[in-house]
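Data block below; observations after.
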Amino acid sequence: MEANKQSFLQRNRRAFLIIFDILTLTATYLIPWIAISGRTSLEAYRGLLFSSTVLFVLCYVTVFVLTGMYDSLWRYAEIYEFFRVVVASVMAIGIFILVTVIIYNETSIPKSVYLMSSLFSSSVTLYSRLTYRMLRNTRIERAGKQRNRVLIVGAGEAASTLIHEIFKDPYTDYNIVCAVDDNPQKLSRTIMGVKIMGTTRDIPNLVKQCNVDTLLVAMPSVDEVDKKRILNICSKTRCNIRLLPDITRLISSGKDLLDAVRDVKVEDLLGRDEVVLATEGMVSVIGKVVMVTGGGGSIGSELCRQIAASNPKRLILVDISENSAYEVQQDLRMKYGDKLDLVVKIASVRDSKKVDAMMREERPQVIFHAAAHKHVPLMETSPEEAVKNNVCGTFNLVDSADRYGVEKFIFISTDKAVNPTSVMGATKRICEMILMSKNAVSDTVYSSVRFGNVLGSNGSVIPLFKNQIAAGGPVTVTHPDVVRYFMTISEAVNLVIQAADIAVGGEVFVLDMGYQVKILDLAENLIRMAGFLPYRDIEIEFTGLRPGEKLYEELVLSEEGTVDTVHSKIFIVKSQNGFDAEGIEKDFWELKALAYSNDEEGVLEKMAEMVPTFKRSRLRV
């Protein structure tokens, strides 16, 4: 019954509005007459009063119809709609005065009636619609669920737009109670009725004072250092923290403003701008046969996705893990279907004959080599396996790429290759040496890309911390002073593909990764972002540095420097000397023999000989 009633009202909304305006306009026209002339004098104006009332109402309703006033959805009315009411009212009263002067003589209707009726009619028309909007929103708010009490961080244009959108949407979950801004001139002022009650330093106190449960950070133009500072303050509360993205990106994405407000991500706490490289790149993969080893891993799978979007001639995904390869295969097939020529090979790069067969059969023009063992503590206990997979696998691919005329070979390295203290880092440094030595004697372009920890990648610290927090703790940190470089997967993949575009051979590329992030701070912030307090709700335990682990990472050796490239965030490591191709190959065969004889001590000694900066861990677990 209620639904039928609502449907009837909606279908006849226009007619009801017209009837409502006829009644209110009639009243607003008659009231001035009564006030000015009195009831006894109205008898003398009976004929004039009736005809002029009809004319008055007719002028208004006609103008309202022609200007689309009855087509507006007043439940969503904004200042523009109310301005239109005023303009339409002025037009209507102007037409009414003009017509009455023509039809009647100019002294028939008192001028005070013109003035008062125009003011009354405009005011009643305007406020009736405003009242409807307010009453409807109040009814929806009361009928809905309890809304989140929100503190807006920021009081600029973005915050003003956000507040306006929240007030406009009667179904929103947000109830704004106050705002903060670091501009002292804005303190105690208001934005659309929202009072600016302090600076960002006052957030913890205001959260308690105003019973806030959600913080909306509306400062998209603030630099990353300030954003990190503000988010650190916000994270010390138990509030849900949400961010308003950059307005220009929001416009290009086509999302609604409130839909685009997102939760805080770990990368927001890095303290630097995200590196966004030129999208017109990818020239190294367009129309090419491209092979990605380790294509089922975090970096490899993102490489496959980015390359698939760049119209390669064929994409060859190589991985030893069938499950990982299958997931990426299904993802790409669902997105591209037959438009992408995708080949999946389940193979180990250790198998030189299999590698040779793949090269002979598929004839890749570009290779991105991401397959590797990368877990530092595990490789400390199995150095021979690290050599078999990382070093021997890379050598097999490098050698086969040379024989089958691959155009470019890009190797995924790590900052742990610099002054390595771990087996994994040392194997990566040896791989860089193999590439540089081979580049000197081959027509294939061989280059390496170094970067730090990838946020959210398989086996990285972020998923580990999140799992520990979900389990109620404790969160384990190796050392209170340990720091690391971090980058997002998209940044890492952008760097790799861009490196392939500008590589001419023999380079080791590095990225300007900003400041190193303290792992303890990262753990504390993740705990707070989950709604807990570190050391009270979730404990943090220090387990000690693991074998092969450093307190801090380096991107270049002390004796090395960097050379600028065409991209402001990408640099080339300036090596001191070249590498003897014959000497490197001789050392490789000796290292391989030791690895396949499972001589752990011999492997470690040979790696230390090949990489003089390799500092072996004293502990073996």
Q) Using alpha carbon coordinates only, what is the Rg to Rh ratio of segment 336-493, with Rh defined as the Kirkwood radius? A) 1.02
**Q.** Y336 paired with K574, simple spin-label distance in nm, labels 7 Å along Cα-to-beta-carbon
**A.** 3.9
Q: State the extension gain, in nm to one decimal, for the chain segment bounded by L533 and N598, taking 0.36 nm per residue of separation less the distance between their alpha-carbons.
A: 18.7 nm
(Q) I need the peptides 461-467, 488-494 ranked by packing, meaning the mean over residues of other C-beta atoms within 10 angstrom, with the highest value on top. (A) 488-494, 461-467
Q.
If packing is taken as the average count of other Cβ atoms within 10 Å, what order do 534-547, 370-383 fall into, highest mean first?
A. 370-383, 534-547
Q: Quick one: what are the phi-derived ³J(HN,Hα) couplings along segment 206-220, Karplus 6.51/-1.76/1.60 with θ = phi - 60°, whole Hz, x for glycine and proline?
A: 5, 4, 6, 5, 9, 6, 7, 10, 9, 10, 9, 8, 10, 9, x
Q. Using the count of nearby Cβ atoms within 10 Å as a rough guide to exposure, how do Y485, Y104 rank from fewest to most?
A. Y104, Y485
(Q) Please arrange L48, L315 by how many other C-beta atoms lie within 10 Å of their C-beta, fewest to most. (A) L48, L315
Q) In the structure displayed, which of K354/K574; K345/K388; K228/K335; K374/K408; K186/K466; K236/K374 lie more than 29 Å apart, Cα to Cα? A) K354/K574; K228/K335; K186/K466; K236/K374
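Taken together, the values in this text are just the output of simple stated rules run on the coordinates, not laboratory data. Quick caveat, the model's predicted, so the values are computed rather than measured. Backbone-built Cβ (ideal geometry, glycine too); neighbour counts: all protein chains shown.
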